[in-house]
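Each reported figure results from applying straightforward, stated rules to the coordinates on display, with no laboratory input. Worth saying up front: this structure is predicted, and the values here are computed from it rather than measured. All Cβ positions, glycine included, derive from the backbone under ideal geometry; neighbour counts span all protein chains shown.
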């Protein structure tokens, strides 16, 4: 797996989810499986099948979280990066007469509707390495959009 860029808060959320899934959810599912086994015939026991499916999904997510945590790179403040857009930067851009703020984050923390764009997305990748005043054209389904970087924090 490739590196996972995460904020300190994002890393903490992943750690909390990992701990919850390994220390609580895993035990809860094991108890459901035991209870379903105690009911007898497993071939027609929907509770047992549901619990086994939940177990499989939980274990898959635990492995995914472990890999993300093992490959995490914590994003530090970008203030010392000479005004260049990097992962962790907060940028203000103008396009089509409007201005908007974006935070460049790793893919695990992307939330485009709230202005948190992945460094791997076409938009995020186009901004990386740019500076205040640079113009960037990004291909979108509706055609190219031209952005001007107004501020890099």
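Just grab the label-to-label distance for residue 140 and residue 128, each label 7 Å out from Cα along the Cβ direction, in nm (one decimal).
With each label point 7 Å from Cα toward Cβ, the separation is 2.2 nm.
Return the distance in nm (one decimal) between the two label points of a simple spin-label model at residue 20 and residue 73, each offset 7 Å from Cα along Cα→Cβ.
So the label points at residue 20 and residue 73 sit 2.8 nm apart.
Please report the orientation-averaged projected area of region 4-74, defined via the convex hull of its C-alpha atoms, in nm².
Seen from a random direction, the Cα hull of region 4-74 projects 4.7 nm² on average.
Rounding to the nearest 10 and keeping the result within 0 to 90°, find how far the Cα-based axis of helix 46-70 lies from the longest principal axis of the chain.
Computed tilt is about 40 degrees.
What angle, in degrees between 0 and 90 and rounded to the nearest 10, separates the Cα long axis of helix 26-37 from the longest principal axis of the Cα atoms of the chain?
Value to nearest ten degrees: 30.
By how many nm would the segment from residue 99 to residue 41 lengthen if fully extended, with 0.36 nm per residue of separation less the alpha-carbon distance?
14.6 nm
Rounded to the nearest 500, what is the 222 nm mean residue ellipticity of the chain from helices alone, with -39500 (n - 2.57) per DSSP H run of 4+ residues and division by all residues?
-12000 deg cm²/dmol
For region 90-152, what does the relative contact order come out to in percent, with C-alpha contacts under 8 Å and a separation of six or more?
Dividing the mean separation by the residue count of region 90-152 yields 33 percent.
Rounded to whole Å and ordered largest first, report the semi-axes of the equivalent ellipsoid of the chain derived from its Cα gyration tensor (root of 5λ).
Numbers: eigenvalues 389, 61, 22 Å².
Semi-axes, largest first: 44, 17, 11 Å.
Nearest 5 percent is fine: what portion of the DSSP beta bridges confined to the chain is antiparallel?
Given both bridge residues lie in the chain, the antiparallel proportion sits at roughly 75 percent.
Under 25 °C and 0.890 mPa s, how fast does region 90-152 diffuse according to Stokes-Einstein, given a Kirkwood radius computed over C-alpha pairs? Answer in µm²/s, whole number.
Diffusion coefficient, whole number: 211 µm²/s.
Please identify, among 44, 12, 59, the residue showing maximal mean-square fluctuation in a Gaussian network model of the chain using a 10 angstrom Cα cutoff.
44
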